[in-house]
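All remarks here apply to the structure that follows.
The values are calculated or read from the model by the stated rules, or taken from the named source; none is laboratory data. In this text the structure is predicted, and so the values were computed from the model without any measurement. Neighbour counts are summed over all protein chains in view; Cβ atoms, including those assigned to glycine, are modelled from backbone coordinates with ideal geometry. We work out accessible area using only protein heavy atoms, side chains counted, and drop any ligands, DNA or RNA first. Shrake-Rupley method; radii C 1.70, N 1.55, O 1.52, S 1.80 Å.
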Amino acid sequence: MNPAPIVVVGGGIMGASVAWHLALRGWRDVLVVDRSATSGAGSTRAATGGFRVQFETPIDIRLSLLARAKLLRFGEEVGVDPGYRQAGYLWLADRPVEMETLRSALGVQRAEGLMEAAEVGPEEIARLNPAVRLDGIVGGAFCPTDGFLRPTAMLEGYLEGARRLGARVEWGVEVTGLSRARDGRIRGVTTSRGPIFAGAVVNAAGAWAGRLTGDPDLDPPVTPLRRQVAITRSCDLLPEAMPMTIFVGGGFHLRTRDRRVLLLRPSPGAPGRPFDVEVESDWVAAVTRTARERVPILARAEIDRAACWAGLYEMSPDHHAILGASPRCPNLYFINGSSGHGVMHAPALGQLLAEIISDGAASSLDVTPLGPDRFTSGATPAASPLL
Ligand SMILES: Cc1cc2nc3c(=O)[nH]c(=O)nc-3n(C[C@H](O)[C@H](O)[C@H](O)COP(=O)(O)OP(=O)(O)OC[C@H]3O[C@@H](n4cnc5c(N)ncnc54)[C@H](O)[C@@H]3O)c2cc1C
């Protein structure tokens, strides 16, 4: 075992998961540092808590299946209820071309062993979510085992669990750079509280990962993308068990959480201000209009403007996670770029990175498609057409 600590930069769900998995594997000196004053200041707290296996690439489906198996044991293993509830994900298509995208994804899902996801017609859609206006909808896809999580419960569970196993977590420590030995290996990190000697460093800095060192050779290709969320006041218009309901064209989606309805639709970030998390009034007005067109009963819901929020997705060029050792530095590891799916995949990615750090390779899954070298080797797969 390494005499110097493994320094994990970032105490969001990724840093917390990898710290817990490393500590579980017997690493005695794991140090998580985060520049914020307390936990949950990054994207993890902003997440709306969706969980799905309905992806369209084999690697994302495999990550979700591994994560799902771990979520079912989370309470027993980590000691906290992760809030995994199987309310389902219902995808709706307005146009035949969108239906083709869903069918093609269903084919990949079935090939990966997800048998319960299926195509649904208007009658089934009306049964699954009676509140949706069916006009113009040509069909959809539904998976009953998809559903919801509690991101903050998972985060606190991993942080507390890692501490119990001996890891240290320090808030208010900003990493400002990495120091390297003559052979190119990382020797430590420089921080707002002085240098820290490190045997290995894990970049778990979320949407900020791409600018951790300022050296493009050492930082993963991750960029921030703002996601805004509109929220209604407490109401009983839609049931808590309503599936996550997603309109493929335009990406409008909604769920109910704690008696409030959350409304989302992708939008560009603020021009020239990539880390800005302002909520735009025009966006709130537009998403509310769409919600009322798609789900007429929401005409009776009132938006709680002050409670609307925005956070940052951590985008990679192909919208897939970046996992493993840096191609340019063997003791610098990445767990980045989940592109908006990080909470649901964190249980899997944390385990896989702990395997890579401990054994030199992941054994639970073949993670070649997530390799940090894929952007330099010219083999970058296309970005996902779904959300
Ligand atoms: C609106 C919204 C909805 C979402 N919905 C979902 C969803 O339904 N399901 C899902 O799975 N995912 C969802 N996501 C995505 C999910 O939130 C992220 O993928 C996930 O939280 C990423 O976790 P992380 O640990 O990498 O990042 P973070 O939680 O952002 O943690 C990174 C940490 O690094 C710290 N840090 C950064 N730079 C430094 C530095 N230099 N020194 C020290 N510390 C540093 C930050 O303070 C932060 O605490 C959503 C995201 C948003 C914004």
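In this structure, is residue 198 of a type outside the set (Asp, Glu) and surrounded by 14 or more Cβ atoms within 10 Å (Cβ to Cβ)?
Values: of a type outside the set (Asp, Glu): yes; surrounded by 14 or more Cβ atoms within 10 Å (Cβ to Cβ): yes.
Taking the combined requirement at face value, the residue satisfies it.
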Run residue 136 past the list (1) within 28 Å of the chain's Cα centre (by Cα); (2) under 30 Å from residue 251 (Cα atoms) and report the number of the one that doesn't hold.
-> (1)
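Quick one: would you say residue 272 is modelled with pLDDT under 95, farther than 24 Å from residue 255 by Cα and open to solvent by 20 Å² or more (accessible area, probe 1.4 Å)? Break it down into steps so the answer makes sense when it comes.
Working: modelled with pLDDT under 95: yes; farther than 24 Å from residue 255 by Cα: yes; open to solvent by 20 Å² or more (accessible area, probe 1.4 Å): yes.
Against the criterion (modelled with pLDDT under 95, farther than 24 Å from residue 255 by Cα and open to solvent by 20 Å² or more (accessible area, probe 1.4 Å)), residue 272 qualifies.
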Does residue 276 count as over 24 Å from residue 256 (Cβ atoms), free of Cβ contacts under 8 Å to residues at least 24 places away in the same chain and either touching a Gly at 6+ places or on another chain (Cβ under 9 Å) or more than 16 Å from the ligand (Cβ to nearest atom) (or both)?
-> no
Does any residue of the range 345-368 turn out to be modelled with pLDDT of 95 or more, away from the ligand (no atom under 14 Å from the Cβ), among the β-branched types (Val, Ile, Thr) and over 24 Å from the mean Cα position of the chain (by Cα)?
-> no
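Find the strands (runs of 3 or more DSSP E) located wholly in the range 150-234 whose residues include 1 or more that are more than 15 Å from the ligand (Cβ to nearest atom) and not basic (Lys, Arg), and list them. Don't jump to the end; show me each part of the working.
Values: elements: 168-171, 175-180, 186-191, 200-203, 223-231.
Filter on the range 150-234 gives 200-203.
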Given the conditions (1) over 20 Å from the mean Cα position of the chain (by Cα); (2) open to solvent by 30 Å² or more (accessible area, probe 1.4 Å), and given that residue 141 satisfies all but one, which numbered condition is not satisfied?
-> (2)
Inspect all residues belonging to the range 107-121 and state whether any of them is in contact with a Pro (Cβ under 7 Å, 6 or more places away or on another chain), of a type outside the set (A, V, I, L, M) and free of Cβ contacts under 8 Å to residues at least 60 places away in the same chain.
-> yes
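Please tell me if residue 317 is assigned to a loop (DSSP other than H, G, I, E, B) and over 22 Å from residue 45 (Cα atoms).
Values: assigned to a loop (DSSP other than H, G, I, E, B): yes; over 22 Å from residue 45 (Cα atoms): yes.
Against the criterion (assigned to a loop (DSSP other than H, G, I, E, B) and over 22 Å from residue 45 (Cα atoms)), residue 317 qualifies.
State whether the residues of the range 287-306 include one that is under 21 Å from the mean Cα position of the chain (by Cα), within 16 Å of the ligand (Cβ to nearest atom) and touching a residue at least 24 places away in the same chain (Cβ under 8 Å). I'd like the intermediate steps shown before the answer.
Restricting attention to the range 287-306, the residues satisfying the condition of being under 21 Å from the mean Cα position of the chain (by Cα) are none.
Taking every residue of the range 287-306 in turn, none turns out to be under 21 Å from the mean Cα position of the chain (by Cα), within 16 Å of the ligand (Cβ to nearest atom) and touching a residue at least 24 places away in the same chain (Cβ under 8 Å).
Can you tell me which residue among 100, 119 is in contact with a Lys or Arg (Cβ under 8 Å, 6 or more places away or on another chain), modelled with pLDDT of 95 or more and more than 20 Å from residue 66 (Cβ to Cβ)? Write out each step before concluding.
Numbers: 100 fails: in contact with a Lys or Arg (Cβ under 8 Å, 6 or more places away or on another chain).
Residue meeting the stated conditions: 119.
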